[in-house]
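Novice: Input: one structure, supplied below.
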Amino acid sequence: MELSGKTVLLGLTGGIACYKAAEFARAMIREGAVVHVAMTENSQQFITPLTMQALTGNPVFTSSWDSRQPNNMPHIDLPRKVDVIAVAPCTANFIAKLANGICDDLLSTLCQARPVTTPLLVAPAMNVEMWEKPVTQRNICQLQQDGIGIMGPASGFQACGEVGKGRMLEPAELVEEVIAALQPKTMAGRHFLITAGPTFEPIDPVRGITNHSSGKMGYAIARAAWLAGAEVTLVSGPTALPTPYGVKRIDVMSARDMLEAVTGNLEGIDVFISVAAVADWRVKHVSTQKIKKVAGQAVPDLVFVENPDILATVAKMPDAPYCVGFAAESENLREYAEAKRRKKGVPLLVGNIGHETFGKDDNTLILFDDNGALELPHDSKQNLARRLIDQLASRL
Ligand code: C5P
């Protein structure tokens, strides 16, 4: 529940994406948020206040002259009782109003009357031509300069039948934006490169050698870094996980593919976190055809060669980024992890017990650096990832 204790004011303006705002409200409530809703007159052509009231359990505000407010000042009271304001969908017209300080209805007025410390996010939703018009782009630049967060828009098939940029983000993506807006940007301006998941070392076109790494820890760290404001590239071996919102993902299979993707994307990277369970060995001669099982014949005699050590390679580079390694051990974690940290030449190595982490949603981490060992006690990988990012913020 990542929005527990948070109150959100959801503003709806008149666009067909209003139908997604209902799910957006529910998704925030599922994360623990209290949601209040303010709707423009045009938005009520698409969805009723009754729907939003039933979904949020709170009265919906549609007018500046609402006598339910004892002082009759909803434009002052509403923004003062929330942690964040999110306008979704946000039309071209509403963007123009925000960019120019026009306050001609409750929602535009309460956005203007919000305290400076209350973040305002907007999710543009409009036809591609409307989005691309210079006037809309000028207004968007103005909103950015004014510190208003722009969520999306996405590209794709539009309700009007045209294809292009202007689709409102999906509800789950909007929730990520809201969670991000409510946390300190300790990694703003930083660029992270993270490896995650297993590698797959081929034997022939249909077989290979891999391991049980699910990628969950690396993906959680990529998400936590993005939430903290970093730009994140994730180089991932084969996993079944969705790409964390906001993160650029590059898919690879073998250790050598991973090395190539890492070295090809190191420019401008401040922090490299090597979470992937990279295979130590690969098969020397990969068969171009499927190796046939012939009755009575000997089983294949596979010869292995050592894979490149990606982390050690990066750590040795001149101008290397701050490097963080992971170690999954089945015994003597402290001793092996500290030895590994020195061998790989990295300032920080994160240890965990191999069989306790692979595939699981939770874990225990121990951080080894020059100051000794620090345990991050048993928790979900999502929470541990955030704690690891906090630790990095104090070390960088
Ligand atoms: O040597 P070991 O595999 O135990 O080291 C684990 C750490 O090194 C992890 O951070 C892992 O991502 C990284 N590693 C690597 N390339 C390898 C083997 C491990 O980057 N070939």
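Novice: Find the eigenvalues of the gyration tensor of the Cα atoms of segment 7-181, then list the square roots of 5 times those eigenvalues as equivalent ellipsoid semi-axes, largest first, in whole angstrom.
Specialist: The three semi-axes for segment 7-181 are 23, 18, 15 Å.
Novice: When the accessible area of the chain is computed with all protein chains present and a 1.4 Å probe, what percentage of it is carbon and sulfur?
Specialist: Carbon and sulfur: 51 percent of the exposed surface of the chain.
Novice: Right, next: Among 198-210, 65-77, 218-230, what's the highest-first ranking by average C-beta atoms within 10 angstrom per residue? Intermediate values should be presented prior to the final figure.
Specialist: Values: 198-210: 17.5, 65-77: 13.5, 218-230: 25.6.
Top of the packing list down: 218-230, 198-210, 65-77.
Novice: Still on this model: Would you kindly state the longest site-free stretch of the chain, with sites defined as GluC sites (Glu not before Pro) in a DSSP loop (not H, G, I, E, B) surrounded by at most 10 other Cβ atoms within 10 Å?
Specialist: Looking at the chain, 1-266 is the longest stretch - no exposed GluC sites (Glu not before Pro) with at most 10 other Cβ atoms within 10 Å.
Novice: A further question follows. Could you point to the residue in Val37, Tyr19, Leu333 farthest towards the positive end of the chain's charge dipole, with +1 and -1 charges on the Cβ of Lys/Arg and Asp/Glu respectively?
Specialist: Positive-most Cα among the choices belongs to Leu333.
Novice: Can you give me the C-alpha center-to-center distance between segment 226-250 and segment 306-368, rounded to a whole angstrom?
Specialist: When both Cα centres are located, 20 Å separates them.
Novice: If you average 1/r over all unlike Cα pairs in segment 265-361 and invert the result, what Kirkwood radius do you get in angstrom? Present the calculation step by step, with values, prior to reporting the outcome.
Specialist: Numbers: mean 1/r = 0.0618 Å⁻¹.
By the Kirkwood definition, the hydrodynamic radius is 16.2 Å.
Novice: My understanding is that a pair violates if its Cα-Cα distance is over 27 Å; which of Lys248/Lys316; Lys248/Lys284; Lys6/Lys185; Lys216/Lys290; Lys284/Lys343; Lys81/Lys216 do that in this structure?
Specialist: Exceeds cut-off: Lys248/Lys284; Lys216/Lys290; Lys81/Lys216.
Novice: How large is the Kirkwood hydrodynamic radius of the chain, counting all unique pairs of alpha carbons, in Å?
Specialist: Taking every pair of different Cα atoms in the chain, averaging 1/r and inverting gives 23.6 Å.
Novice: Now a separate question. Of all alpha-carbon pairs in segment 191-395, indicate the percentage at a distance above 21 angstrom.
Specialist: Details: 11006 of 20910 pairs.
Counting pairs separated by more than 21 Å, the tail of P(r) holds 53 percent.
Novice: I've got another one for you. Hey, what number do you get for the chain at 222 nm if only DSSP H runs of n ≥ 4 count, each worth -39500 (n - 2.57), divided across all residues, to the nearest 500?
Specialist: Values: 14 runs with 131 residues, N = 396.
Here the helix-only value at 222 nm equals -9500 deg cm²/dmol.
Novice: Can you say what percent of the DSSP beta bridges in the chain, counting only those with both residues inside, are antiparallel? Round to 5.
Specialist: Of the beta bridges lying entirely in the chain, close to 30 percent run antiparallel.
Novice: Okay, moving on. Enumerate the aspartates and glutamates that Lys292 could reach by cross-link, defined here as Cα to Cα under 15 Å, with residues fewer than 8 away along the same chain left out.
Specialist: Cross-link targets: Asp204, Asp301.
The values are calculated or read from the model by the stated rules, or taken from the named source; none is laboratory data. Because the structure is predicted, anything quoted here is derived from the model rather than measured. Here Cβ is always computed from backbone atoms with ideal geometry, including for glycine, and neighbour counts include all displayed protein chains. Each accessible area value is taken on the protein alone, full model and side chains, heavy atoms only, with ligands, DNA and RNA left out. Shrake-Rupley method; radii C 1.70, N 1.55, O 1.52, S 1.80 Å.
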